[in-house]
Structures are given as structure tokens and as C-alpha cells.
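Enquirer: Attaching a single structure in C-alpha cells format; questions to follow.
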Amino acid sequence: MNFSEFRSRDGVALAALLAQKEVSPVELMQIAIEAAERFNAHTNMISYTDFDGALDRARQHQVVAGKFSGLPFLLKDSGLASTDLPTSIGSSLFERTTAQSDSTLAMRFRDAGFISFARSTVPEMCMAPTTEARRNGGPTRNPFDPSRSSGGSSGGAAVAVACGVVPVAHGSDGGGSIRIPASCCGIFGLKPTRGRVPMGPFRGEGWGGLACDGVLTRTVRDTARALDLIAGIEPGAPYAAPPGDHFEAALDRPFERPLRIAVWQDPWGLAVDQACLEAVRQTAQLCEALGHEVVQIEASDFDYAAFINAIVTVMAANITLSARTKLAAERRDPTEAELEPAILNGFQIGARLSAPDYAAAINKLHATGRMMARMMDGYDLLLTPTLASLPVKLGTIPTSEPDFRAFRHKAGELTPFLAVVNASGQPAASLPLWREQGLPVGVQLIGQFGREDLVLRLASELEKSELWQAARQWPSVNSDG
């Protein structure tokens, strides 16, 4: 098998070839490693590697049918504890942090059959919607336009999937960090329901319940199978999603009735590019052509600026906790050499917070969840733009910004449809359904809490459309196989 043949197949198809012994885990790993080295030179998507160790694990791997058994895989450099690879969380402060034992999710990825061979790049402490960490030695570039962002914080993962280095990669989402890069890179990215995918055993929640883990893929069925394999209640966890499994098996099941789909395009007066609105319009028309009911709605009254301030509080508190834990033995604060200006200012904000400040921020996030529930009352799904603009130019939202609050408000202008869903805990996915000026433009489907099945089933229906197929492209940069 050559690279072109490898990337023409999704994870499910490659897993079938592995189960039939038509290819071996070692053969696929060699292809993935070679592709990673080639594309990384142009995009800077890889943080840490363990090519030799991965090849050894591939040689020893026993293929099991029905999983992703023997498939090359990337872990996000997000701090997810894995004994396979160190992590930096995109920061010099946390350089080469190692784990003595695996997180529950890392074990589930391994049990699913994935073989991790590298970490994908992230912005510092996963705090930005674009992947431009100083620690990475330069930005992670969009594979369709190197002057633009790949998105963040799962930027490296999205680039790898978009280029065909791997069909499935780990991602996480605390304010859009799966959906932003999925939109920027023209792939599929699902943020699961809060509590669907385990976060333990070393922590109970991320960012006050905003954050969750998942995957980025090129096909809907790859995400559905991955969710089947990694989802499930973790004993002792503070959150649990409603029961839900067999997501892959449900993809082709006909809908019992037409879905009621609400379309929301005006995020409290913030500007949205015409290309993003056109992507939603085309998708809404397609949904109607498929027999579903589509209704235009207006957003509920909501103080979006106050919501972003609440996120600033929660993120700043977590920066301070993480940095102080790392430096506890030295009894000092981080330096300018260890944290970028925006993140260092976030540390300083966090150090000044009071307990009432944090409690009020959590209350605001919970109120946001109730607002989203009211918006979706009576509807199966909510259709929105993923982002408010095309992939931004590199340097547009820089962590060199010395004011963390201003930095996060600028990020919020790009992502008004995203972080509200993290606050509510609902499932949501970015679908690659449009192109403008050669750049991917995603649309977002938001489901009711616990209803990934409807998001995935409608996404699978849309995936068969000419609209989706026309938007699906491979990057041209050094991509010959």
C-alpha cells in the first residue's frame, strides 16, 4: 500500500483490511510516520514523536476485528496522561512532562486498537482558537493556506487528519477546540456530551465542566465507531451522560419522522462573514430537500460579554492552579520565559481571584446551559455557522497579547456559536460542507443533551450529499503519494 491508497480510505476501511490481514500494523505505521515527517515540514503539526517505540508496538500488536486495531494514531499534546509519550501542553513551563500511569481515556484508546506514535501541536495550555505556541517554534499552519490558522486548540490533530497522515486523531474541546480546527481544515469534528468520554482518574472535570475529549476524523462513521469504543461512564466521575452507544450501527437507520431543525445565525449582534452564513443557508436548504423541517430562530437575550468574562475567570484559575502545582517544589511564580504574555497575565488574574469570583463564574456557565436549553426547546437540532469568519490570518489572535481578558474576548468574537455549547454540555459537531476562496467553511450541528445519535445520523445523511463531496479536498502541499 502506498500513501495515496492509505489516505483514500477512512479508519473503518483500514481496520477491515487489517482484520483481513491484507495489510499489517507495521506497514500502516511506516506510511503514517513517513507522511507525518513530510507534512510536518510544511505545517508544524507534530510536537513529540516516538516512531521507534510505535513501530515496536505495531510489530507486537494483535489485530482484533470490529475495532481500530493496529491503526496509527496521534494523541493531542493537551496533557492527557499517557505512558507512551510526554506532553508540554504547548508550554515551555511543562516541557517533557511524563506520566507514571495512563489516564482512563488513554487506556481506552489503546484498548480500541489505536497505536500512538506522536503528539499533535496545541497553543499554550490549549487557551487559544489558533495553534501558534512559542514552545512549538512557530505556528501550525493551515494546509490549504499557510498564511492562515489551522484553528485550535486541536490544530495539529486537524492538520494531520486533513492531510491524511492519520484518519483519526485525539482532540479535546473546552471552548470549541475540536470544532474550530475541524472547520478550518475541512474535516469532521464532534464535541461529545459532557460526561460521555472519561476525564479521570487524575481529574474530575476540565475548566469547570467546559472541557471534554473526543476525536477528529474525515468521515462520520470513524467518529461514531471511536465514540462507541471510548465512551462510557467512569466510576466516581462527577458527570455522566445519558446512556448512549451503538452510534456506528445507528448511522444508516432511517429517521422515524422528519427532524425539526432550528437555524441560528445572529450571535447577539456580533459580525458573521457572508461565507459562513452562505454555508448555513446551503445546508438548511439541503436539510429541507431531505425532508426535514427547518425553522429560523433568534437567540435568547444573553450577555455574551459577561459570559466571556466568566470563561476568563475559570481559565485563569486553571492556569494558576496548573502553574503553581508544577512549581510547588520551587515555591515561585512562572517567568516570562516560561509562559507567553497572555497566559502569564492569565496566571496573574487567577492569583488574584477570590472564591466568590469563581463561584459566580460557575453560576454564569450554568445559566448559559439553561439559556441554550430554552433556545432548543421543541427542536431536535440547532444549525449554526461553526465560526464567525474564514480561518484567520496567523497573528490575528496572538498569545503575545499582554492582556488575557482582551485576548479571550477577541477569541470570543471568532467563536460565538461554540463556547456556549461547552457551558451547556451538549453535543455539537462541525461539518465540512462549504468552501470559500479555496478555504474550508464548517457548519455546526448542536444536539440536545445526550443526543449525539441525532447529530451523527444527520451528519451521515448530509455526508452523502453533493454539497459535502464538493467541499472535500486534499491539501496540495507536497501531497503526492
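All of the numbers you see were taken from the coordinates with simple rules; none came from a lab. Predicted model, so just to flag it, every value in this text is computed and none were measured. So basically every Cβ, Gly included, is an ideal-geometry build from the backbone, and we count neighbours across all protein chains shown.
Enquirer: Find, to one decimal place in angstroms, the Kirkwood hydrodynamic radius of the stretch 394-464, where the mean of 1/r is taken over every pair of different Cα atoms and then inverted. Walk me through the numbers before you get to the answer.
Expert: On the way: mean 1/r = 0.0699 Å⁻¹.
Hydrodynamic radius (Kirkwood, Cα pairs) of the stretch 394-464 is 14.3 Å.
Enquirer: Sticking with this structure for a sec: To the nearest 500 deg cm²/dmol, what mean residue ellipticity at 222 nm is calculated for the chain from DSSP H runs of n ≥ 4 alone, each contributing -39,500 (n - 2.57), summed and divided by the residues? Walk me through the numbers before you get to the answer.
Expert: Details: 17 runs with 189 residues, N = 481.
So the calculated ellipticity at 222 nm is -12000 deg cm²/dmol.
Enquirer: Can you tell me the mean projection area, over all orientations, of the convex hull of the chain's alpha carbons? Units nm², please. Intermediate values should be presented prior to the final figure.
Expert: Details: hull surface 81.2 nm².
Value for the chain: 20.3 nm².
Enquirer: Scan around Gly171 for amide H atoms under 5 Å from its own, H built in the peptide plane at 1.01 Å from N, and keep only partners 5 or more places away or cross-chain.
Expert: Gly214, Val215, Leu216
Enquirer: Two decimals is fine: what is log10 I(q)/I(0) at q = 0.13, 0.26, 0.27 Å⁻¹ for the stretch 189-272, from a Debye sum with one equal scatterer on every Cα and no solvent?
Expert: The Debye formula, applied to the Cα set alone, gives -0.58, -1.21, -1.25.
Enquirer: Could you tell me the center-to-center distance, by alpha carbons, between the stretch 68-94 and the stretch 188-255 in angstrom?
Expert: Using only Cα atoms, the two centres lie 18 Å from each other.
Enquirer: Taking the Cα centre of the stretch 1-146 as the origin and placing charges on Cβ (Lys, Arg +1; Asp, Glu -1), which of Phe117, Leu75, Pro25 is farthest toward the positive end of the dipole?
Expert: It is Leu75, whose Cα lies furthest towards the positive end.
Enquirer: Scale the Cα Rg of the stretch 129-246 by the rule-of-thumb value 2.2 N^0.38 Å and send over the ratio, two decimals.
Expert: On the way: Rg = 14.6 Å, N = 118, 2.2 N^0.38 = 13.5 Å.
Cα-based Rg divided by the globular estimate yields 1.08.
Enquirer: If you take the alpha carbon radius of gyration of the stretch 129-181 and divide it by 2.2 N^0.38 Å, what ratio comes out, to two decimals?
Expert: Values: Rg = 10.3 Å, N = 53, 2.2 N^0.38 = 9.9 Å.
In units of the globular-protein estimate, the stretch 129-181 measures up at 1.03.
Enquirer: Could you derive backbone 3J(HN,Hα) for the stretch 81-87 from the dihedral phi with the Karplus parameters 6.51, -1.76 and 1.60 (θ = phi - 60°), listing whole Hz in sequence and x where the residue is Gly or Pro?
Expert: Each residue of the stretch 81-87 in turn: 5, 8, 6, 6, 8, x, 9 Hz.
Enquirer: Quick query: amide H of Ile46 versus all other amide H atoms, modeled in the peptide plane; which residues come in under 5 Å with a sequence gap of 5 or more or a different chain?
Expert: Placed amide hydrogens put Thr121 under 5 Å from Ile46.
Enquirer: State the Cα centre-to-centre distance between the stretch 278-305 and the stretch 148-163 in whole Å.
Expert: 26 Å
Enquirer: Roughly what percent of Cα-Cα pairs across the stretch 168-326 reach past 24 Å? Can you show the working numbers first?
Expert: Values: 6338 of 12561 pairs.
Result: 50 percent of Cα pairs exceed 24 Å.
Enquirer: Something else now. Considering the convex hull of the alpha carbon atoms of the stretch 317-451, report its projected area averaged over all viewing directions, in nm², one decimal.
Expert: Details: hull surface 42.1 nm².
If you wrap the Cα atoms of the stretch 317-451 in a convex hull and average its projections, you get 10.5 nm².
Enquirer: Here's something else I'd like to know. What per residue convex hull volume, in Å³, do the alpha-carbon atoms of the stretch 4-146 yield?
Expert: Numbers: hull volume 16.4 nm³, N = 143.
It comes to 115 Å³ per residue, whole-number rounded.
Enquirer: Counting only Cα atoms, I'd like the Rg/Rh figure for the stretch 11-83, Kirkwood definition for Rh.
Expert: Working: Rg = 13.0 Å, Rh = 13.2 Å.
That ratio equals 0.98.
Enquirer: Would you please give the residues with an amide H less than 5 Å from that of Arg148, counting only those at least 5 places away or on a separate chain, with H modeled from the backbone geometry?
Expert: Amide H to amide H, under 5 Å and 5 or more residues apart or across chains, Arg148 pairs with Asn142, Leu394.
Enquirer: Going toward the positive end of the dipole of the stretch 293-396, with +1 on Lys and Arg Cβ and -1 on Asp and Glu Cβ, which of Leu327, Ala355, Met315 do you reach last?
Expert: With unit charges placed on the Cβ atoms, the residue in question is Leu327.
Enquirer: Excluding Asp228 itself, calculate the net charge of residues whose Cβ lies under 13 Å from the Cβ of Asp228, where each Lys or Arg counts +1 and each Asp or Glu counts -1.
Expert: Values: positive: Lys67, Arg108, Arg196, Arg221, Arg225; negative: Asp111, Asp222, Asp245, Glu248, Glu452, Asp453.
Once all neighbours under 13 Å are counted, the net charge is -1.
Enquirer: Could you go through the stretch 245-254 in sequence order and give the Karplus-derived ³J(HN,Hα) for each residue, using 6.51 cos²θ - 1.76 cosθ + 1.60 with θ = phi - 60°, rounded to whole Hz, and x for Gly and Pro?
Expert: Rounded to whole hertz, the list is 7, 6, 5, 5, 5, 7, 4, 9, 6, x.
Enquirer: What translational diffusion coefficient, in µm²/s and rounded to a whole number, does the Stokes-Einstein relation yield for the stretch 249-364 at 20 °C and a viscosity of 1.002 mPa s, taking the hydrodynamic radius as the Kirkwood radius over Cα pairs? Mind dumping the intermediate values first?
Expert: Values: Rh = 18.5 Å.
The calculation lands on 116 µm²/s.
Enquirer: In the calculated pair distance distribution of the stretch 283-343, what percentage of Cα-Cα distances lie above 13 Å? Intermediate values should be presented prior to the final figure.
Expert: On the way: 1380 of 1830 pairs.
Of the Cα pairs, 75 percent sit more than 13 Å apart.
Enquirer: Compute the Cα gyration tensor for the stretch 88-180, then decide on rounded, prolate or oblate, letting a ≥ b ≥ c be the square roots of its eigenvalues: rounded whenever a/c is under 1.5, prolate when a/b is larger than b/c in the other cases, and oblate in all that remain.
Expert: Working: a/c = 1.85, a/b = 1.27, b/c = 1.45.
It is oblate, given that a/c is not under 1.5 and a/b is not larger than b/c.
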